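Participant: Encoded as structure tokens, here's the structure I'll be asking about.
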Amino acid sequence: MQEFIQTIVNGLQTGSLYALIALGYTMVYGILKLLNFAHGDVYMVGAYIGYFVIHWFGGPTALSIPVPLLILIMFALASTGCGLLGVAMERFAYRPLRDAPRIAPLITALGISFVLENTVLLLFGGFTRSYQTESFISATSGIHLGGVTINIVEIMVIVVSVAMMFGLRQIVHRTTLGKSMRAVASDREAAEMLGINVNRTIALTFFIGSAMAGVAGVMSGLAFDQITNTIGFLAGLKAFTAAVVGGIGSIAGAMIGGIVIGLAEAFSLSYISTKYADLIVFGILIVTMLVRPQGIFGRPLLQKV
Amino acid sequence: MAQIGVDDWVAQSGGRRDGGSGWRKLLARADSRLGWWPRLALVTLAGLIAGQLLTNVNLQTVAFNSLLYAMLALGLNIAVGWAGLLDLGYIAFFGLGAYGFAVLSSTATGASGSGGTHLPAIESIPIVILIAGVVGVVIGLIALRLSGDYLAIVTLFVGQAFMEVVNNVDPGTLGGVNGIFGLDSLHSFGSQVTSPLGYYYLALVMTVVLAGILHLLDTSRTGRAWRALRDDPLAASAMTIPVNKLKVMAFSFGAMVGALAGTLFAAEQNTVFPTNFTANILILIYACLVLGGVGSIAGAIAGGLVVTIGEQMLSSPNDAGYLFYGLILIVLVMRIRPWRNLAAVLTGVIGLGFAAHALAGAISSAAVAGAPGSGGSIGSAVRDYVIVPANPATYGNILYVVLICALVVIVRLHGTRRLLAVVPTVYIAACCWEARLIVNPSITTQIMIGAILIVTMAARPQGLLGTHRVETAEQ
Amino acid sequence: MTPLLELDHLSLSFGGLRAITELDLHVEDKEIVSVIGPNGAGKSTVFNVITGIYDPTEGHVRLAGESITGLRPYKITRLGIARTFQSLRLFLNMSVKENVKAATYGKTHATPIESILRLPRARREEREVDALAEEVLSFFGQRLMGYRWDQPAYVLSYANRRRLEIARALATRPRLLLLDEPAAGMNPNETHEVTELIGRLRDELGLAILVIEHDMHVVEGISDRVVALDHGVKIAEGSYQSVATHPAVIEAYLGRDPEALAEE
């Protein structure tokens, strides 16, 4: 029973992170029909930014500022940095290809992903870096639930993710920006003719999506402790699976999809095998595709003729 | 959008395009005179002559690898270039071929490291290709439930799943992370290929035959149907073409070519490791295809040669400089017109460097205390040109970031401003290269491969040898 | 006698939206039937259902008495119904001749292996396909002949693209041809040419033709029978004269009060 609860908590934690990354995929896909393979690497960059913030403020064992402030600064810098990175990617790599063959931006995305991964490798080396979270956040404090401790980091990850998703929902449904985003997503040319600044809307979409990935990167560093320049690939792949399982283009779908994938992974790690967790996620993807290709919350697309 | 009544204008368009000046015209004329088959024969001849000239074992291996990547790019081109399916699981079929050959023709699969299966190549290769074809059909059928973009993600997972399987499933047979050792050489009918040169010639024959087969396929009803569905799947299906069947076929044919290349790779290398089949290799193959020209047989081969040879040059401190400075020079010569602007830029680049070096040296001798990373004649040529401090790592990192920013800015500038910005950028590139990039050739190679993908797609989507394409407006 | 094409109580809805409601329509052998109606009346949707791009919610499509409801588009075309697209969907990066040859896929049978080895069947089919392509293209006089064969489709003018769409459809050797606004965007000369062409397609090739057209001169010039649609419902059917003057049709096009509008 203890293990079961712990597994659920782990699954929720990982799943929230996947969901945050998945949102970026889903938003960009929704608005540009572009699979941004480099999105996972944006998350990796976020994790590195968080790491360097810790070291600017004295390192994990000798922090010069209170922990909550540190975390806020990490979030702020990672989201801004990654957001700007996303905007730059869109501006310089994807925008020139907007009317190119569908396959062109996908290949560019592969290239960007590769360049980002190797740039981090060049600048910071290939060795694993550790946040050493336990030196400044106690792993044992938190909610005690029948012998299981849900620690502060786990709580934070889940709460922050849910809050951000709720915030995004508000943006998309309540603000002018959200309206523009939905308009551009459904018909870019028509939106342009109606006076919507399409380029700005797309850039902001990239900013928001990448910023969320940046925050996810910081939180993954806090939660899983270790980061390398290659963590983006698998995380991105699974997050995209989450977006597809939930129904691409749907915010609630990304969230539910992320949780489903996170839980599936946690349960297969605890109960089946540590080796095949990725294959099980893959299996979920395949089954979703075969049974409900539009995902849990997606609507089937009508083919335009 | 085309206009009404432009028939005559259109009729002359071919003439106008060929009517360039000077060497371009000559080249275009020579190109159009030569048929496809004579061209293939010329390439074959060049390959045979090259084989005679390659006396060094290392060079022979490089030559083999470039043909191997040419074959891989040819296979990838079937799905990506002809049918327009972004197949990111292609690497799994390369791996399947290699592991298949390893299992069927090695001692390692025997219980105690002896025994094992030793099928001759004439049996093992067709078996492996057949299996790859069937697996390709199965994955293709699953992937077909998805529209184009989901296909990419499912196939990307296929590549990942392959890695997990060979790493984890049955390490007794597949060797786990340690791979499989002691593979047989390619052998059949009592003879076998053992030397690198032998593998080179074998790869040459296979590449040429493959190119011929693919050309015949491309000009047949199947090739036409693939190109039709790449342009417009819905119209293709309204024109009697069973789109799904052809997509699965393209997928499966590509898988078989990938597996064939895999068997050759395994036999030449004598071993197979999971790390031979990572996403990095996949991206390398994509770089070959994209650089050469998606959809073009000649392009796939050229891309394989250029990328592999470039990669090889980058790994040598003496040769890497020629590639780097050569590329910069080519880009400047191609892009800057008229000649006096080019001359001004080149003078500026050279002058700026020596001036900056002298200035930095006068301020602090430590600032120029480091040696350039290039060896050989290039190293001594740029010694008094680039600024490299004694401990260049951090300095190089900063320059790298500055360089990326400068490149991004240049793309946005035009006219004189761009010309002015080019001068310091080239100098920064040179300093960064000597201080940092050349010191880590493997990382630099990866970055450049990524850059190939991005730059080719933005500047010349048809690659070196592909043909210009237009897109159907909606899809 | 069974008609060549028969739509039987055909309905189609997308979610809650009814695009076609209980439509009955038939085309006899060698008959030219025009479908008219205001924008959004469901004309192209009818074509999409006939050619299998959409599956009808209810009802049947029959070709010479056999149901083809729910078949995949490529199978329907192989059975003898070919179409053009209103929005022009050529294979833009293929040459003019290849565009036509691609449409013969269903009528040829050489396997990839036969093609690679250039075995007799592959060679024979390739010769036939080549001859067929030239024959079909020659139908448009000199417009798509000679040097144009090897030009990519994207260099063609708008009118020539429309012609190539028809040529490509003809290459599937149809019995029934569906033309979706063949004269759209053409100048008066070209429109006249299209009118003649449609007649020739029937007279020389013996085709039955179902055509969507907005240009009433074309409709008048070619139609044996006219069917008017509005909001997915058939509102009139009969000769051009009877349909063009039918009150429901005038109302559909012009709004409520046709008398008053006519006086303006």
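The values are calculated or read from the model by the stated rules, or taken from the named source; none is laboratory data. Quick caveat: nothing in here was measured; it's all calculated off a predicted structure. Here the Cβ positions follow ideal geometry from the backbone for every residue, glycine too, while neighbour counts run over all protein chains shown.
Participant: Residue check: is A:Lys238 charged (D, E, K, R) and modelled with pLDDT of 90 or more?
Facilitator: Details: charged (D, E, K, R): yes; modelled with pLDDT of 90 or more: yes.
So A:Lys238 fits the description; yes.
Participant: Looking only at the range C:36-86, which residues are among the aliphatic types (A, V, I, L, M) and either over 22 Å from C:Ala167 (Cβ atoms) or facing another protein chain (nearest Cβ under 8 Å) (or both)?
Facilitator: Quick first cut of the range C:36-86, residues among the aliphatic types (A, V, I, L, M) only: C:36, C:41, C:46, C:49-50, C:53, C:61, C:63-64, C:68, C:71, C:76, C:79, C:81-82.
Passing the criteria: C:Ile36, C:Ala41, C:Val46, C:Val49, C:Ile53, C:Val61, C:Leu63, C:Ala64, C:Ile68, C:Leu71, C:Ala82.
For (1) of a type in the set (Ser, Thr, Tyr); (2) touching a residue at least 60 places away in the same chain (Cβ under 8 Å); (3) out of contact with any helix residue (DSSP H, G or I) (no Cβ under 7 Å at 6 or more places or on another chain), each residue gets a yes or a no:
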| position | (1), (2), (3) |
| --- | --- |
| A:Gly167 | no, no, yes |
| A:Met181 | no, yes, no |
| A:Ser186 | yes, no, yes |
| A:Met193 | no, no, yes |
| A:Ile196 | no, no, no |
| A:Ile202 | no, yes, no |
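Participant: So is B:Gly292 on the phi < 0 side of the Ramachandran plot, within 14 Å of chain A (Cβ to nearest Cβ), in contact (Cβ under 8 Å) with a residue 60 or more places away in the chain and buried (at least 24 other Cβ atoms within 10 Å of the Cβ) or not?
Facilitator: Working: on the phi < 0 side of the Ramachandran plot: yes; within 14 Å of chain A (Cβ to nearest Cβ): yes; in contact (Cβ under 8 Å) with a residue 60 or more places away in the chain: yes; buried (at least 24 other Cβ atoms within 10 Å of the Cβ): yes.
Yes.
Participant: Here's a follow-up. Please determine, by comparing only the residues of the range A:284-305 that are within 9 Å of chain B (Cβ to nearest Cβ) and at pLDDT 80 or above, which one is surrounded by the fewest Cβ atoms within 10 Å (Cβ to Cβ). It would help to see each step written out before you state the result.
Facilitator: Here is the first cut: in the range A:284-305, the ones within 9 Å of chain B (Cβ to nearest Cβ) are A:285-286, A:289-290, A:293, A:301, A:303-305.
Now drop any that are not at pLDDT 80 or above, which leaves A:285-286.
Values: A:Leu285: 23, A:Ile286: 19.
Once the filter is applied, the top-ranked residue is A:Ile286.
Participant: Looking at (1) within 14 Å of chain B (Cβ to nearest Cβ); (2) within 30 Å of A:Pro105 (Cα to Cα), can you tell me which one A:Phe52 breaks?
Facilitator: So the condition that A:Phe52 fails would be (2).
Participant: Can you confirm whether the range C:70-81 contains a residue that is modelled with pLDDT under 90, surrounded by fewer than 17 Cβ atoms within 10 Å (Cβ to Cβ) and of a type in the set (Lys, Arg)?
Facilitator: Going residue by residue through the range C:70-81, those that are modelled with pLDDT under 90 are C:70.
Restricting the remaining residues to those that are surrounded by fewer than 17 Cβ atoms within 10 Å (Cβ to Cβ) gives C:70.
After this cut, where a residue has to be of a type in the set (Lys, Arg) as well, the list is none.
For the range C:70-81, residues modelled with pLDDT under 90, surrounded by fewer than 17 Cβ atoms within 10 Å (Cβ to Cβ) and of a type in the set (Lys, Arg): absent.
Participant: Pull up the range A:84-111, narrow it to residues that are part of a loop (DSSP other than H, G, I, E, B) and at the interface with chain B (Cβ under 10 Å from one of its Cβ atoms), then point me to the one that is surrounded by the fewest Cβ atoms within 10 Å (Cβ to Cβ).
Facilitator: First pass over the range A:84-111, keeping only residues part of a loop (DSSP other than H, G, I, E, B): A:98-102.
From the residues that got through so far, the ones that are at the interface with chain B (Cβ under 10 Å from one of its Cβ atoms) too are A:99-102.
Values: A:Asp99: 9, A:Ala100: 17, A:Pro101: 21, A:Arg102: 17.
Top of the filtered list is A:Asp99.
Participant: Just checking, does the range A:122-138 include any residue being in a helix (DSSP H, G or I), within 14 Å of chain B (Cβ to nearest Cβ) and buried (at least 19 other Cβ atoms within 10 Å of the Cβ)? Give the derivation first.
Facilitator: Of all residues in the range A:122-138, those in a helix (DSSP H, G or I) come to A:122-124, A:133-135.
Narrowing further to those that are within 14 Å of chain B (Cβ to nearest Cβ): A:122-124.
Now narrow it down to the ones that are buried (at least 19 other Cβ atoms within 10 Å of the Cβ): A:122.
Among the residues of the range A:122-138, at least one is in a helix (DSSP H, G or I), within 14 Å of chain B (Cβ to nearest Cβ) and buried (at least 19 other Cβ atoms within 10 Å of the Cβ), which makes the answer yes.
Participant: Shifting gears a bit: Can you name every residue in the range B:397-425 that is within 17 Å of B:Arg337 (Cα to Cα) and away from chain A (no Cβ under 11 Å)? Outline the logic, then answer.
Facilitator: Kept after step one, since they are within 17 Å of B:Arg337 (Cα to Cα), are these residues of the range B:397-425: B:410-411, B:413-423.
Selection gives B:Leu413, B:His414, B:Gly415, B:Thr416, B:Arg417, B:Arg418, B:Leu419, B:Leu420, B:Ala421, B:Val422, B:Val423.
Participant: Separate question: Can you tell me which condition C:Leu205 does not meet? The list is (1) more than 8 Å from chain B (Cβ to nearest Cβ); (2) more than 17 Å from C:Lys30 (Cα to Cα); (3) without any contact (Cβ under 8 Å) to a residue 40 or more places away in the chain, and all the others hold.
Facilitator: (2)
Participant: Being of a type in the set (Gly, Ala, Ser) and more than 10 Å from chain B (Cβ to nearest Cβ) is the requirement here; does C:Ala110 meet it? Break it down stepwise before answering.
Facilitator: Details: of a type in the set (Gly, Ala, Ser): yes; more than 10 Å from chain B (Cβ to nearest Cβ): no.
So C:Ala110 does not fit the description; no.
Participant: Something else: Quick check on my filter: what residues within the range B:165-193 are surrounded by 18 or more Cβ atoms within 10 Å (Cβ to Cβ) and of a type in the set (Asp, Glu)?
Facilitator: Hit for the range B:165-193 is B:Asp184, nothing else.
Participant: Out of curiosity, is B:Ala406 modelled with pLDDT of 90 or more, crowded, with 22+ Cβ neighbours inside 10 Å and of a type in the set (A, V, I, L, M)?
Facilitator: On the way: modelled with pLDDT of 90 or more: yes; crowded, with 22+ Cβ neighbours inside 10 Å: no; of a type in the set (A, V, I, L, M): yes.
No, not satisfied.
Participant: Next question, about the same structure. So, B:Thr278, is that one over 19 Å from the mean Cα position of the chain (by Cα) and closer than 30 Å to B:Pro171 by Cβ or not? Please lay out each step first, then the result.
Facilitator: Working: over 19 Å from the mean Cα position of the chain (by Cα): no; closer than 30 Å to B:Pro171 by Cβ: yes.
Judged against the criteria, B:Thr278 is not a match.
Participant: Which condition breaks for B:Thr207 when tested against (1) out of contact with any strand residue (DSSP E or B) (no Cβ under 7 Å at 6 or more places or on another chain); (2) surrounded by fewer than 17 Cβ atoms within 10 Å (Cβ to Cβ); (3) of a type in the set (S, T, N, Q); (4) more than 9 Å from every other protein chain (Cβ to nearest Cβ)?
Facilitator: (2)
Participant: Keeping to the range B:54-75, report how many residues are in a loop (DSSP other than H, G, I, E, B) and out of contact with any helix residue (DSSP H, G or I) (no Cβ under 8 Å at 6 or more places or on another chain).
Facilitator: Just the residues of the range B:54-75 that are in a loop (DSSP other than H, G, I, E, B), to begin with: B:54-56.
Checking which are out of contact with any helix residue (DSSP H, G or I) (no Cβ under 8 Å at 6 or more places or on another chain) leaves us with B:55-56.
Residues in the range B:54-75 being in a loop (DSSP other than H, G, I, E, B) and out of contact with any helix residue (DSSP H, G or I) (no Cβ under 8 Å at 6 or more places or on another chain): 2 in total.
Participant: When you go through B:Ile438, B:Ile428, B:Ile452 one by one, which is the residue that is in contact (Cβ under 8 Å) with a residue 24 or more places away in the chain and within 9 Å of another protein chain (Cβ to nearest Cβ)? Break it down stepwise before answering.
Facilitator: Details: B:Ile438 fails: within 9 Å of another protein chain (Cβ to nearest Cβ); B:Ile428 fails: within 9 Å of another protein chain (Cβ to nearest Cβ).
Of the residues listed, the single one that is in contact (Cβ under 8 Å) with a residue 24 or more places away in the chain and within 9 Å of another protein chain (Cβ to nearest Cβ) is B:Ile452.
Participant: Scanning for something surrounded by 24 or more Cβ atoms within 10 Å (Cβ to Cβ), of a type outside the set (Phe, Trp, Tyr) and farther than 25 Å from C:Val49 by Cα, does the range C:91-100 turn up at least one residue?
Facilitator: From the range C:91-100, those surrounded by 24 or more Cβ atoms within 10 Å (Cβ to Cβ) are C:91, C:96, C:99-100; that's our starting set.
Next cut, of a type outside the set (Phe, Trp, Tyr) only: C:96, C:99-100.
Subsequent filtering for residues that are farther than 25 Å from C:Val49 by Cα retains C:96.
Looking for residues that are surrounded by 24 or more Cβ atoms within 10 Å (Cβ to Cβ), of a type outside the set (Phe, Trp, Tyr) and farther than 25 Å from C:Val49 by Cα, one finds at least one in the range C:91-100, hence yes.
Participant: How many residues does the range A:57-83 hold that are part of a helix (DSSP H, G or I) and either small (Gly, Ala, Ser) or touching a His at 6+ places or on another chain (Cβ under 8 Å) (or both)? Before you say what the answer is, go through the steps one by one.
Facilitator: So the first thing to find is which residues in the range A:57-83 are part of a helix (DSSP H, G or I), and the list is A:67-83.
Okay, now just the ones that are also either small (Gly, Ala, Ser) or touching a His at 6+ places or on another chain (Cβ under 8 Å) (or both), so A:76, A:78-79, A:81, A:83.
Number satisfying all stated conditions: 5.
Participant: Answer yes or no as to whether C:Arg143 is over 21 Å from B:Lys245 (Cβ atoms), assigned to a loop (DSSP other than H, G, I, E, B), within 11 Å of chain B (Cβ to nearest Cβ) and not aliphatic (A, V, I, L, M). Before the answer, list the steps.
Facilitator: Numbers: over 21 Å from B:Lys245 (Cβ atoms): yes; assigned to a loop (DSSP other than H, G, I, E, B): yes; within 11 Å of chain B (Cβ to nearest Cβ): yes; not aliphatic (A, V, I, L, M): yes.
Here the answer is yes, as C:Arg143 does meet what is asked.
Participant: With a cut-off of at least 2 residues that are under 30 Å from A:Thr128 (Cβ atoms) and of a type outside the set (Ser, Thr, Tyr), name the helices (runs of 4 or more DSSP H) lying wholly within the range A:165-251. Give the derivation first.
Facilitator: On the way: elements: A:176-186, A:188-193, A:198-224, A:231-246.
The qualifying helices (runs of 4 or more DSSP H) are A:198-224, A:231-246.
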